[in-house]
Amino acid sequence: MALDKAVLEGRFVRLEPLEERHRELVRPAAQHPEIFAITTSALGALFDPYIDNALRRTASGHELAFIVFHKAQGRAVGMTRYLNIEEAHKRLEIGSTWYEPSMWAGVVNPECKLLLLTHAFERLKLNRVEFKTDLRNARSQAAIRKLGARQEGILRKHMVVADGYVRDSVLFSIISDEWPEAKADLEQRLAR
């Protein structure tokens, strides 16, 4: 799998692989505590270690972090990543996604996912893309379902979040056979 550091561009957003030069561009978007109410990391004072970790894991090939730019507004509005990259098994996870609240329930998330999934299935030729979210995060679960992902189960006591809570994670996936229908649905959502 050639996990290149491609820029992914749509009508509304542009995803650029994270580089040090993006740190200050995305910092303002991360200053909303409600983004991180249910997460494995807490930003705020931990913003720089969070970015340092994303840069380190991207450099190591374990992940590929992207900055999300809102094209019309000309600014960074969040981040997302390819995680748990398993080249031998032709799968990865899309996660660690967050956007500033003004971007919630709009075109940003569906177009980001359309770009990431198209790249994963059509360029990287993957068999499977996974999503995981906190069982308590109903908003995230609904957004993942709207992508066409199927819930596969609950991973009990799966992760320890920033405040020490031991979370259960809901596991979703889209497989290559399901991608054409999911893609058509996402394109239709964005055409409205």
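Worth pointing out:
- Residues whose placed amide H lies under 5 Å from that of Leu18, excluding near-sequence neighbours: Ala65, Phe66, Ile67
- Computed 3J(HN,Hα) for region 55-71, one whole-Hz value per residue from the Karplus formula 6.51 cos²θ - 1.76 cosθ + 1.60 where θ = phi - 60°, is 5, 5, 5, 5, 4, 7, x, 6, 8, 9, 8, 10, 8, 9, 9, 8, 5, glycine and proline marked x.
- Most fluctuating residue given options Ala88, Ala120, Ala54, as computed from a GNM of the chain linking Cα atoms under 10 Å: Ala88
- Here's how it looks for Arg75: its modeled amide H is under 5 Å from those of His70, which are all 5 or more places away or on a different chain.
- Computed from backbone phi with θ = phi - 60° and the Karplus coefficients 6.51, -1.76 and 1.60, the 3J(HN,Hα) list for region 128-138 is 7, 10, 10, 9, 10, 8, 5, 4, 6, 9, 5 Hz; x is used for glycine and proline.
- Shape call, region 8-191: gyration tensor on alpha carbons, a/c limit 1.5: rounded
- Counting 0.36 nm for each residue step from Arg27 to Met159 and taking away their Cα separation leaves a gain of 45.0 nm.
- Along region 104-110 the Karplus relation, 6.51 cos²θ - 1.76 cosθ + 1.60 evaluated at θ = phi - 60°, assigns HN-Hα couplings of 5, 6, x, 8, 4, 5, x Hz to successive residues, with x for each Gly and Pro.
- Charging the Cβ of each Asp and Glu at -1 and of each Lys and Arg at +1, and nothing else, the dipole of region 82-121 about its Cα centre rounds to 120 debye.
- Contact order relative to length of region 8-191, as percent, for alpha carbon pairs under 8 angstrom and 6 or more apart: 20
Readers should treat all values here as calculations from the given coordinates under stated rules, not as data from a laboratory. Please read all numbers here as calculations on a predicted model, not as lab measurements. With ideal geometry, Cβ positions are generated from the backbone for all residues, glycine too; neighbour counts draw on all protein chains shown.
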